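> Have a look at this one.
Values quoted throughout were computed directly from the atomic coordinates according to the rules given, and no laboratory measurement underlies them. All values reported here derive from a predicted model rather than from experimental measurement. Note that we place each Cβ from the backbone using ideal geometry, even for glycine, and neighbour counts take in every protein chain shown.
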Amino acid sequence: MKIEIWPKFGPLNSHKIFDCFIQSLRDNGEQLFVNQSADADVAVIWSVLWQGRMRNYQRIWQQYRSLGKPVVVLEVGGLRRNESFKIGINGVNAKADFANETFDDKRWPLFKHTLKPWKDTGNKIIILGQHHTSEQWAGMPAMSEWFENQITEIRKYTDRHIELRPHPRNSIGFNVKKFKNVSIRYPVMDRTTIDDTDFKNVLQDAYAVVNYSSNPAMEAVINGVPVFVSQDSLCHEVGNITFENINNPMKPDR
C-alpha cells in the first residue's frame with residue numbers, strides 16, 4: 001500500500017509519535033512517502049485543527065477526502081494528554097473510525113483512571129468552547145453565537161450560574177453583561193506541561209459541563225460531572241443531548 005505521511009507540519013509533541021508510526025509502517029512493508037505528494041492510497045496527518053503549521057494539513061485532507069481516499073489522523077489522546085494518543089480514520093472523536101469493533105480489557109488499566117461517582121452537587125454550568133478553525137467545527141456558527149445559543153436554551157429551564165470557558169487558544173469577544181448570572185473565565189495554562197490547563201480545578205464546583213465534541217467532556221465524565229454533548233462527542237453514549245433535563249441530568253453507567 002502507498003502511504004503519504006506528513007510529519008513536517010506537526011506540532012512539537014507529534015514528532016515522537018510520527019517516528020513510531022513511520023517505523024511501524026516500514027516494519028509492515030508499506031511503501032512510504034514522507035513529506036512527499038504521491039497520489040497515494042492513504043494520507044496520514046496530525047489533527048484536524050487548521051492553524052499555524054497544521055494549516056497545511058487542510059489541503060491534504062481536502063484532496064484525499066474529495067477523492068474518496070482515507071485520511072488517518074493522529075492526535076493527542078483525551079484520557080491522558082500527551083501520554084496517550086488517538087489514531088482515527090477520516091476524522092476525530094465520534095466522527096472517526098477507530099477500527100475498534102473488537103478490543104481487549106488490557107488498555108483501560110494503563111490509563112490509571114478511577115471513575116469518580118456521579119456528582120449531585122456543584123454551583124456552575126460550565127460551557128466549553130472549541131477552536132473555530134478545527135474541522136470538528138465545520139458548518140457550525142461563530143463561537144460567540146454558539147455560546148449565546150446555549151445560554152438561551154439553558155435559561156428556558158434553570159437560572160443556575162453559567163460560566164463560559166473558551167478554548168485556551170481561541171479567545172472570543174463575548175459580552176456576558178447581556179445575560180443575568182453568566183460569567184466568563186479563560187483557561188489558565190499549566191506551564192509545566194505542553195498544553196494542560198486548570199480544568200480539573202474548575203470541575204470541582206461544576207454542576208454540569210456543556211461541550212459540543214472535544215476532549216474535556218471525557219475528563220468531566222471521569223470526574224463524575226454530567227455532560228451535555230452532541231452526537232459528534234465521544235461522550236455521547238454517557239451524556240445528555242437535551243437541556244430539558246438540566247435539573248435532573250442523566251448519569252448513565254460508564
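> Give the Rg/Rh ratio for the chain, taking Rg as the radius of gyration of the Cα atoms and Rh as the Kirkwood radius, to two decimals.
Details: Rg = 19.4 Å, Rh = 19.6 Å.
My calculation puts Rg/Rh at 0.99.
> Taking amide hydrogens as modeled 1.01 Å from N in the peptide plane, which residues meet the under 5 Å criterion relative to Gln130, leaving out close sequence neighbours?
Placed amide hydrogens put His167 under 5 Å from Gln130.
> What is the set of long-range amide H partners of Tyr207 at a cut-off below 5 Å, with H atoms built 1.01 Å from backbone N?
Amide H neighbours of Tyr207: Asn123, Lys124, Ile125, Ile126.
> Kirkwood hydrodynamic radius for the range 1-134: how many Å is it when counted over pairs of different Cα atoms? Don't jump to the answer; show the numbers that get you there.
On the way: mean 1/r = 0.0599 Å⁻¹.
It works out to 16.7 Å.
> Take the residue pairs Lys200/Lys251; Lys8/Lys95; Lys69/Lys95; Lys119/Lys177; Lys124/Lys178 and return only those whose Cα atoms are more than 22 Å apart. Don't skip to the answer; put the middle values down first.
Working: Lys200/Lys251 19 Å; Lys8/Lys95 25 Å; Lys69/Lys95 16 Å; Lys119/Lys177 29 Å; Lys124/Lys178 18 Å.
Going by Cα-Cα distance, Lys8/Lys95; Lys119/Lys177 fall outside the 22 Å limit.
> If amide hydrogens are placed 1.01 Å from N in the peptide plane, which non-local residues have theirs closer than 5 Å to the one on Phe98?
Here the answer is Ile89, since their amide H atoms fall under 5 Å of that of Phe98.
> Right, here's the next one. Could you go through the range 163-170 in sequence order and give the Karplus-derived ³J(HN,Hα) for each residue, using 6.51 cos²θ - 1.76 cosθ + 1.60 with θ = phi - 60°, rounded to whole Hz, and x for Gly and Pro?
In residue order, the calculated couplings are 10, 8, 9, x, 4, x, 10, 8 Hz.
> Please report the Cα spread of the range 131-254 along all three principal axes, rounded to whole Å, starting with the longest.
Rounded to whole Å, the extents work out to 37, 36, 31 Å.
> Could I ask something else about it? List Asp27, Asp198, Asp232 from most exposed to least, where exposure is judged by having the fewest other Cβ atoms within 10 Å. Spell out each step's value before the answer.
Values: Asp27 8, Asp198 15, Asp232 18.
Ascending number of Cβ neighbours within 10 Å: Asp27, Asp198, Asp232.
> How far is the Cα center of the range 87-142 from the Cα center of the range 159-175, in Å?
For the range 87-142 versus the range 159-175, the Cα centre distance is 20 Å.
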